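So the structure is just underneath, and the comments pick up after that.
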Amino acid sequence: MAMNSFLKKQTIISILFIIGACIFGVLIGFFQSWEKAIEFFSGYLMEKSLSIDNLFVFLSIFKMYQLDTPMQARILRYGILGAIILRVLFILGGIFLIHKFQWIFYVFGIFLIYSGWKLLFQHEENQPNPFFNHLKKLIPLDETSPGFWVIKDKKLFFTKAFLALLTIEFSDILFAMDSVPAVLAITTDPFIVITSNLWAILGLRSLYFLCQALVEKFEYLHYGVSIILVFIGIKLILHGFIEIPIFFSLCFMLLSVLVPIILGFTKAKKS
């Protein structure tokens, strides 16, 4: 009963954040333009779908370190804060590169196509970087104490929770390398890019626990995400030759996300 109440609370929080993002997008339409609003919704949808897929990486990280739910929630709080800072820095750097070197569009495009192709065929297990398996041997570790570190006999020891947080932050850097070029393919307006990223990241902690409970229902989502990455990559490469309407891009990404989710829920219901 307690777990059902917890999941119900996380569902409500997640829905409220999604409603907040939708209201924000509509306000952009009223006060700026509806074209900017569509750019915001396109960026938000893409970043949200990427974030959901990345949450399963977090799930495997927490499973590896065997952390309980309260500690997972605490780590996610810090992880999301770190993700916000990293995304803003990556976005500003990406916008600078695009304005400075126009050919960077083609580099981003090729990278996104490669990322989508790799995600499509190498998604059996989302395992953290093996570097962190060796990290356990390099730093003083106390696997029984709570918190992120503990002092014993005047010596500083780190805990499993600290290693998990470090792994999450490292993963955020890898995720930003995919998501930032993808959203810059939609628009290079700093306000739209940053706000769509922030709204996609906000509420991820609640969304994580929903994904944890509904993991089997999202088993096809990575196919939709990979299709989106390839599509955005192609759009970047062709941007100087063919102008793909932003509304078409939004509809394409929406279908790419909805179809795998519907298929996953249908399969889970039958089984």
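Quick note: the coordinates plus some simple rules give every number you see, no bench work behind them. Here the structure is a predicted model, which is why all the values come from computation and not from measurement. Positions of Cβ are generated from backbone atoms using ideal geometry, with glycine treated the same way; all protein chains shown enter the neighbour counts.
With coordinates expressed along the principal axes, the C-alpha atoms belonging to the range 202-271 extend over 46, 29, 17 Å, beginning with the largest.
Among 174-182, 23-31, how do they line up by average Cβ neighbours within 10 Å per residue, starting with the highest? Before the final figure, lay out the partial values.
Working: 174-182: 21.6, 23-31: 14.6.
Ranked from most to least packed, the peptides come out as 174-182, 23-31.
I'd like the orientation of helix 104-121 relative to the chain: the angle between its Cα long axis and the longest Cα principal axis, in ° from 0 to 90, rounded to 10. For helix 104-121, the angle is close to 60 degrees. Against the main long axis of the alpha-carbon atoms of the chain, helix 160-184 sits at an angle near 0°.
Placing R0 at 45 angstrom, the Cβ-Cβ distance between Glu35 and Val107 gives a FRET efficiency of 0.95 after rounding to 0.05. Please report, in debye to the nearest 20, how large the charge dipole of the chain is about its Cα centre when each Lys and Arg carries +1 at its beta carbon and each Asp and Glu carries -1 there. Here the chain has a charge dipole of around 660 debye. Rounded to whole numbers, the Karplus 3J(HN,Hα) couplings from phi for the range 84-99 are 4, 4, 5, 4, 4, 5, 5, 5, 4, x, x, 5, 4, 5, 5, 6 Hz, using 6.51 cos²θ - 1.76 cosθ + 1.60 with θ = phi - 60°, and x at Gly and Pro. Projecting the Cα positions of Ile104, His239, Pro181 onto the charge dipole of the chain (unit charges on Cβ atoms of Lys, Arg, Asp and Glu, taken about the Cα centre) puts Pro181 furthest along the positive direction. Computed from backbone phi, the HN-Hα couplings of the range 6-11 come to 5, 5, 4, 5, 5, 5 Hz, rounded to whole numbers (Karplus: 6.51 cos²θ - 1.76 cosθ + 1.60, θ = phi - 60°; Gly and Pro given as x). With distances taken between every two different alpha-carbon atoms, the chain has a Kirkwood hydrodynamic radius of 19.7 Å. With respect to the cross-link table entries Lys217/Lys269; Lys8/Lys270; Lys9/Lys269; Lys48/Lys100; Lys63/Lys269; Lys9/Lys63, which display a Cα-Cα separation exceeding 20 Å? Cα-Cα > 20 Å for Lys8/Lys270; Lys9/Lys269; Lys48/Lys100; Lys63/Lys269; Lys9/Lys63; rest within.
Rounded to the nearest 10 degrees, the inclination of helix 246-270 to the longest alpha-carbon principal axis of the chain is 40 degrees. Note that the range 1-102, at 20 °C in a medium of 1.002 mPa s, gets a Stokes-Einstein diffusion coefficient of 130 µm²/s from its Kirkwood radius over C-alpha pairs. As an exercise, find the ratio Rg/Rh for the range 143-271 from alpha-carbon atoms, using the Kirkwood inverse-distance average for Rh. A ratio of 1.10.
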